[in-house]
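In what follows, a structure is listed as structure tokens, so that the remarks can point back to it.
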Amino acid sequence: MTRTARIRSRAVALPAAVALLGAAVGCAGADGGTAGAGGDGRGGTLVIGATGKLPNTDTVIGGAGFEGKRLVSFQLYEGLTRYELLQGTDRPPVVTGALATDWQVAADRRTWTFTLRQGVRFQDGTPFDADAVVFNLARYLDKGSPEYTDALGAAAAEYAGDIASYRKTDAEHVELVTKEPNGHFPEDLAHVLIASPTAVRRTGSANFAQHPVGTGPFSFVSQTEGQQIELAANKDYWRGAPKLDRLVVKALPDAAARTAALRSGGVNWIEYPNPDDIESLRSDGVTIATNSYDHLWYWILDTSKAPWDNPLVRRAANYAIDRQAIADKLLHGTADPAYQAAPRATGAYDPAGDVYSHDPAKARQLLAEAGVPNGFSTSVTVPTGGSGNLLPVPIAEALQRDLAAVGIKVELRTTDWTTLIGAEAKGQVALGSDAIAQSTTLFQSEALLPLFIGSKSPFWTGHYADPQVDELLASSAADPDQAARQAGYRTALARVTQDAPWLFVVNDRNPRALSPKVHGLVQPRSWFLDLTTVWVR
């Protein structure tokens, strides 16, 4: 992802990815790897039990977090770029070409020219071309487009909102101009998904989610909206047909129900198995695949309300909690304790920046210095499940006990994940609490950083504001060099760690449980997955 003022990035050749996969065959372990054994094969139906409702299948609308994107949206669609997920399990993925093969940024750091991949067809057989790119961008950004909807415009704003203009320069190139210099623009475009213009015009935007058509590795077959979707291998996929015949994703938000479905054969893969079940699943021959990735499970504290407006109180809460016990005893090693804002599997993590230990005496001292020696009462809204949320209620209950031990009495208010993030997107807190518990990514999608710690975010972020953090984020994001961006982010997140607007809890290790019949998964350091290598015996 490193770029200079004029850059060219080429897609990694498929043979290299296949060679890597062949070399990696073995059992997935604590540091990632390839799940399953038994040689190279293909075919079968993969049935995945997801932790939350499934997304709206109309391109960018989504609505089920990154889990919905990895299991559904990224299987149906692609952007001009994509995450290369087969190039190693020991580092975060790089961004490479998808529907574009190359790109250049001009000296103004705003004007980007993308060379489009030739010979790609949508799953309905129609050709992908420059007109298709312009059509999709108009659908997201131009309120005068017949295919534009408010839902599309709002959803696209996260990653395409920085686009000031776009045009086809010739049959093989498009020019996109950003409003400001944006060094991570190629990464953003991995999330700006391209649909078949023919299919959209045929159904209209209102009904396109019922018949979605993209260029991705799997094509749509059927769905029960929000609950189950069935996809078939795209035999004409430009990177090569997936090994699977079919992919079925089921919404199973209850952890016990996911485990039961795996044991009964109702599914052959589950996202986030209950940590209490892991050893017994292993004894049944189930593979548990894990790897560190860009993840933080935390509480966002309302820094506009007393006493959370006092950084001493926020730091006290961070010293009060026993993250190691949560990671080891409650989550059975499927997460690591988080002692700072930057997740440990990212380039912005500073090994010397772990600030908060479990120190109840220090927590009481800080509360006394803050003028609340006897503690106080507060509330937090906790999701019952959802993308990357681990065991949110049991974790919150453990935090509740730790905080009570130093005098901070917490009322837990539970809701579903969709309600929580829907309210947050409107600048609100579901159930009106003083904090919310959630998981998030901070660096795999750099465009999200200012939405979580920027003072001008449209999302509810606990009203945290630090002009120096804003400036660091803006200056870093503008730099096309990834290493320079990460250095700036590291400095910004160090300030956030000291200010403690969040209760830093754990970094998830992305566990998933696979039947012995499932083979070929490369478990990356990523929220996302490449399912083209997977097959089922």
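The values are calculated or read from the model by the stated rules, or taken from the named source; none is laboratory data. Quick caveat: nothing in here was measured; it's all calculated off a predicted structure. Using ideal geometry, Cβ is built from the backbone for each residue, glycine included, and neighbour counts are taken over all protein chains shown. When the accessible area is computed, the model is the full protein with side chains, heavy atoms only, and any ligands, DNA or RNA have been set aside. Shrake-Rupley method; radii C 1.70, N 1.55, O 1.52, S 1.80 Å.
Structure notes:
- For a modelled paramagnetic label at Arg537, 7 Å from Cα along Cα-to-Cβ, the residues of the range 245-278 in reach, with backbone nitrogen under 19 Å, are 245-246, 262-270.
- Bins of 5 Å from zero: percent of alpha-carbon pairs in the range 261-312: 4, 13, 19, 14, 8, 9, 7, 8, 7, 8, 2
- With a cut-off of 10 Å between beta carbons, the residues surrounding Ala209 carry a summed charge of -2, where Lys and Arg count +1 and Asp and Glu -1.
- Listed residues Glu397, Glu180 arranged by accessible area, highest first, probe 1.4 Å: Glu180, Glu397
- Within the range 260-301, backbone nitrogen closer than 15 Å to the virtual label 7 Å beyond the Cα of Gln228 toward Cβ: 261-262, 264-269
- Ligands, DNA and RNA are left out, and with a 1.4 angstrom probe the accessible area of the chain is 36 Å² per residue.
- Those aspartates and glutamates that a straight Cα-Cα span of less than 14 Å connects to Lys517, excepting residues fewer than 8 apart in one chain: Asp40, Asp284
- Three principal axis extents of the range 33-125 based on alpha-carbon atoms, in descending order, are 49, 33, 32 Å.
- Stokes-Einstein diffusion of the range 392-461 at 4 °C, 1.567 mPa s viscosity, Kirkwood radius from Cα pairs, rounded to a whole number: 96 µm²/s.
- Taking a ≥ b ≥ c as the square roots of the eigenvalues of the alpha carbon gyration tensor, the range 320-399 is oblate, as a/c is not under 1.5 and a/b does not beat b/c.
- Trypsin sites (Lys or Arg not before Pro) within the range 366-429: DSSP coil, no more than 14 neighbouring Cβ in 10 Å: Lys426
- Filtered GluC sites (Glu not before Pro), the range 155-236: DSSP coil and at most 15 other beta carbons within 10 Å: Glu172, Glu225
- Binned Cα-Cα distances of the range 411-503, short to long, each 10 Å bin given as a whole percent: 15, 46, 28, 9, 1
- Distribution of pairwise C-alpha distances over the chain, 10 Å bins, in %: 4, 19, 29, 27, 16, 5, 1
- q = 0.13, 0.19, 0.24, 0.28 Å⁻¹: log10 I(q)/I(0) that the Debye formula gives for the range 353-401, counting C-alpha atoms only: -0.48, -0.85, -0.98, -1.04
- Note on the range 385-537: dipole from Cβ charges, positive end direction compared against Pro516, Gly422, Ser445; the farthest Cα belongs to Pro516.
- Nearest-0.05 FRET efficiency for Asp284 and Ala157, computed from C-beta distance (R0 30 Å): 0.10
- Shown here for the range 420-500: GluC sites (Glu not before Pro) in loop regions (DSSP other than H, G, I, E, B) with at most 16 other Cβ atoms within 10 Å, of which there are none.
- What a 1.4 Å probe finds exposed on the chain is 51% carbon and sulfur by accessible area, rounded to a whole percent.
- Calculated diffusion of the range 294-435, Stokes-Einstein form, Kirkwood radius summed over Cα pairs, 37 °C and 0.692 mPa s, µm²/s: 208
- Anchor Lys409: lysines whose Cα lies under 18 Å away (excluding residues fewer than 8 positions away in-chain): Lys305, Lys362
- Three-way shape call for the range 199-274 based on the alpha-carbon gyration tensor, with the a/c threshold at 1.5: oblate
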